[in-house]
Amino acid sequence: MKSPVTACALAVCLSAGLYGPLAARSQDETTGNSMETSNADAQEAVSTPNVADLDVSQLMDVRVSSVSKTEQKMSRVAAAVFVITREDIRRSGATSIPDLLRMVPGLDVAQINANSWAISARGFNHQFSDKLLVLIDGRAVYTPLFAGVYWDVQDVVLEDIARIEVIRGPGAAVWGANAVNGVINISTRKASDTQGGLITAGGGSQELGFGTAQYGAKIGEDFSYRVFLKGFDHNHFPDLAAKDAADSWDLLHGGFRLDGNLSSKDSATFQGDIYGGGEGSQFSHIVSIAPPVNLNVNGSAELAGGNILSHWNHVFSAGSDTTLQVYFDRSERFGPQSNEDLNTFDLDFQHHLAVGARHDLLWGGDYRHTSDHTAGTIDQAWLPASRSLQLYSVFIQDEIVLRPDRLFLTFGTKLENNYLSGLDVSPSIRAAWTPRNRHTFWAAVSRAARTPSRRNTDADVNITVFPGPAGIPAELTLLGNPDERPEHLLAYELGYRAQPAGPLSVDIAVFLNSYSHLATTEPGAPFLVNIPAPAHLVFPLVWDNKMRGTTQGIEVSA
């Protein structure tokens with residue numbers, strides 16, 4: 001077991017786990033760390049090797065589901081995909097999702113402070129990377145307020161993760177808006193795979209303390225459950241002057257999962273989470289307008305939220321099944337920069353149908369309703385303060401076997417209607433060619449859209465104050481634009497994956513991305529404001545879509 005560097009740089013970690021009544025102990029002689037796992041887990045670790053250790057046939061047979069929402073072998077996947085397996089997670093020593101994602105080739109993971117990250121694929125990285133869609137067990141964690149992901153509250157029990165699939169490149173044809181430069185799909189294990197007890201604990205100089213307590217068991221013959229409680233306390237980072245950056249972070253998180261068979265053709269999952277905590281940060285704050293005073297200040301925010309999700313699968317036959325997923329999610333953040341709460345209700349249906357020997361058809365639809373409430377501060381206000389948004393979408397996709405085990409063509413499209421941006425179409429066509437068992441060539445052309453967020457259309461953000469002409473105080477303000485348009489991408493991709501000899505595997509992807517209507521901030525005409533007092537000049541920046549551009553690159557991993 002690799003030692004978690006962030007937790008144990010100056011301290012000794014202790015980690016103990018137990019799945020089942022008997023346990024086998026392994027010892028890391030270098031660090032002195034210990035870990036207990038059940039006989040079942042130990043056997044699974046031996047029988048389920050890391051992807052890098054698979055032989056040729058196994059490597060090309062690894063199955064992924066994020067590209068087309070159905071399981072596909074890697075040999076027929078026409079996309080740049082990387083899979084983080086349970087064994088990768090166990091060996092990584094990581095204690096958070098962002099740290100795990102550092103191992104993905106082509107993914108840019110940057111830590112901003114002790115509790116914030118900027119994560120993106122193929123460029124455009126910042127704290128709210130608005131072109132990357134993230135899902136946890138099918139639940140989107142992309143916020144429509146700021147367009148991005150709050151990584152500080154995506155706190156999954158790492159021992160419960162079955163796999164993380166990362167697509168570099170657009171996935172909007174099946175996942176919809178904002179799956180522009182990539183998709184991260186995190187899937188957790190069934191409750192039947194986590195029976196017995198689990199206890200983990202650790203601590204150090206940066207991660208002052210962390211731990212998980214979990215228990216799983218059966219209910220009758222057909223259902224299994226697990227419940228867990230997880231918590232951590234992170235120390236602050238040093239600032240540029242080597243002093244306290246006031247960005248410490250703590251979270252307490254609990255949840256459950258229940259899986260089982262309702263009948264011989266029906267299976268269901270019910271799961272939920274609830275969390276609460278707090279974090280600090282340093283930020284630029286307007287203290288007063290007259291006289292104009294800006295200061296870097298310390299502040300803290302309260303975090304809370306939870307979700308509940310149900311998933312029902314019905315099998316009609318070997319070539320036909322349906323899936324219905326419903327979830328409700330609530331998140332709250334109360335701090336000096338932003339006061340917000342957001343409710344999301346989502347209903348998703350899909351039907352998978354094999355038509356003959358050559359067509360694998362998938363179609364479905366989604367409805368999502370979000371409602372938010374915000375409270376203004378001296379630095380930021382939302383107009384209107386509360387808003388409800390609706391999204392409707394339908395998609396269809398067909399995978400055609402042009403030549404069995406050798407040549408595959410997949411085409412599809414998603415039609416999505418968003419309250420802020422109207423109707424958008426995201427088509428895609430992908431082809432995979434496997435001339436020999438060890439080699440796969442693929443190509444894709446896709447269109448995707450990034451819809452405007454409430455930050456683009458409704459938020460007025462006061463950036464800084466300064467002395468204006470004739471001694472009148474002045475303020476630089478970023479204004480929302482109700483006419484903000486969605487950004488669009490047309491992506492061209494080529495790829496090759498192979499294991500040409502022995503232990504060597506190669507994965508190459510080449511891409512050219514053409515963007516239109518990229519979000520920009522444009523200067524407006526200054527105007528005088530009397531309310532709130534005192535009177536001051538406002539120099540506005542207004543959101544617009546006056547930029548286009550291209551990115552291109554090659555990604556190679558071996």
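The values are calculated or read from the model by the stated rules, or taken from the named source; none is laboratory data. In this text the structure is predicted, and so the values were computed from the model without any measurement. A quick note on method: Cβ atoms are made from the backbone with ideal geometry, for glycine too, and the neighbour counts reach across all protein chains shown. Keep in mind that these areas ignore ligands, DNA and RNA; they rest on the heavy atoms of the full protein, side chains included. Shrake-Rupley method; radii C 1.70, N 1.55, O 1.52, S 1.80 Å.
Looking at Ala474, Ala470, Ala558 in this structure, which one is closer than 30 Å to Ser288 by Cβ, of a type outside the set (Val, Ile, Thr) and without any contact (Cβ under 8 Å) to a residue 60 or more places away in the chain?
Selected residue: Ala470, the only one of Ala474, Ala470, Ala558 that is closer than 30 Å to Ser288 by Cβ, of a type outside the set (Val, Ile, Thr) and without any contact (Cβ under 8 Å) to a residue 60 or more places away in the chain.
Given the stretch 445-558, what strands (runs of 3 or more DSSP E) lie entirely inside it while holding 3 or more residues that are within 20 Å of Phe128 (Cβ to Cβ)?
Details: elements: 459-467, 473-479, 487-501, 504-523, 527-529, 536-557.
By residue number, 459-467, 473-479, 487-501, 504-523, 536-557.
Tell me, which residue of the stretch 96-106 that is buried (at least 17 other Cβ atoms within 10 Å of the Cβ) and farther than 13 Å from Trp151 by Cβ is modelled with the lowest pLDDT?
Looking at residues that are buried (at least 17 other Cβ atoms within 10 Å of the Cβ) and farther than 13 Å from Trp151 by Cβ, I get Gly106.
In the stretch 454-479, what count of residues is obtained for those that are in contact with a Phe, Trp or Tyr (Cβ under 6 Å, 6 or more places away or on another chain), of a type outside the set (Lys, Arg) and under 30 Å from Leu420 (Cα atoms)?
Total meeting the criteria: 4.
Cβ contacts < 8 Å: first residue basic (Lys, Arg), restricted to the stretch 215-232; second residue open to solvent by 90 Å² or more (accessible area, probe 1.4 Å) and in a strand (DSSP E or B), any location; separation 6+ or different chain. Result?
If the second residue must be open to solvent by 90 Å² or more (accessible area, probe 1.4 Å) and in a strand (DSSP E or B), the pairs left are Arg226/Tyr215; Lys230/Leu252.
In this structure, is Gly182 touching a residue at least 24 places away in the same chain (Cβ under 8 Å) and either under 30 Å from Phe270 (Cβ atoms) or open to solvent by 10 Å² or more (accessible area, probe 1.4 Å) (or both)?
Yes, satisfied.
Any residue at all in the stretch 137-156 that's touching a residue at least 24 places away in the same chain (Cβ under 8 Å) and touching a His at 6+ places or on another chain (Cβ under 6 Å)?
Yes, the stretch 137-156 has at least one match.
Select from the stretch 269-287 the residues that are open to solvent by less than 30 Å² (accessible area, probe 1.4 Å) and over 24 Å from the mean Cα position of the chain (by Cα) and write down the one among them that is nearest to Val141 (Cα to Cα).
Among residues in the stretch 269-287 that are open to solvent by less than 30 Å² (accessible area, probe 1.4 Å) and over 24 Å from the mean Cα position of the chain (by Cα), the one nearest to Val141 (Cα to Cα) is Phe283.
Yes/no matrix, rows are residues, columns are (1) aromatic (Phe, Trp, Tyr); (2) modelled with pLDDT of 95 or more; (3) buried (at least 20 other Cβ atoms within 10 Å of the Cβ):
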{"position": "Asp152", "(1), (2), (3)": "no, no, yes"}
{"position": "Arg189", "(1), (2), (3)": "no, yes, no"}
{"position": "Gln195", "(1), (2), (3)": "no, yes, no"}
{"position": "Tyr215", "(1), (2), (3)": "yes, yes, no"}
{"position": "Leu229", "(1), (2), (3)": "no, yes, no"}
{"position": "Ala242", "(1), (2), (3)": "no, no, no"}
{"position": "Asp247", "(1), (2), (3)": "no, no, yes"}
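Looking at Tyr225 and the list (1) aromatic (Phe, Trp, Tyr); (2) closer than 21 Å to Asp137 by Cα; (3) open to solvent by 70 Å² or more (accessible area, probe 1.4 Å), which single condition is not satisfied?
Only one criterion in (1) aromatic (Phe, Trp, Tyr); (2) closer than 21 Å to Asp137 by Cα; (3) open to solvent by 70 Å² or more (accessible area, probe 1.4 Å) is unmet by Tyr225, namely (3).
Considering the stretch 481-510 alone, what residues qualify as being aliphatic (A, V, I, L, M), farther than 16 Å from Ile429 by Cα and open to solvent by less than 10 Å² (accessible area, probe 1.4 Å)?
Ala498, Ala509
Looking only at the stretch 361-372, count every residue that is among the small types (Gly, Ala, Ser) and open to solvent by 30 Å² or more (accessible area, probe 1.4 Å) and tell me the total.
The number of residues fulfilling the criteria is 1.
Mind counting the residues in the stretch 373-394 that are within 30 Å of Leu361 (Cβ to Cβ) and open to solvent by 40 Å² or more (accessible area, probe 1.4 Å)?
3
Hey, among the residues in the stretch 305-330 that are closer than 27 Å to Leu251 by Cα and of a type in the set (Val, Ile, Thr), which one's most open to solvent (accessible area, probe 1.4 Å)?
Among them, the one singled out is Ile308.
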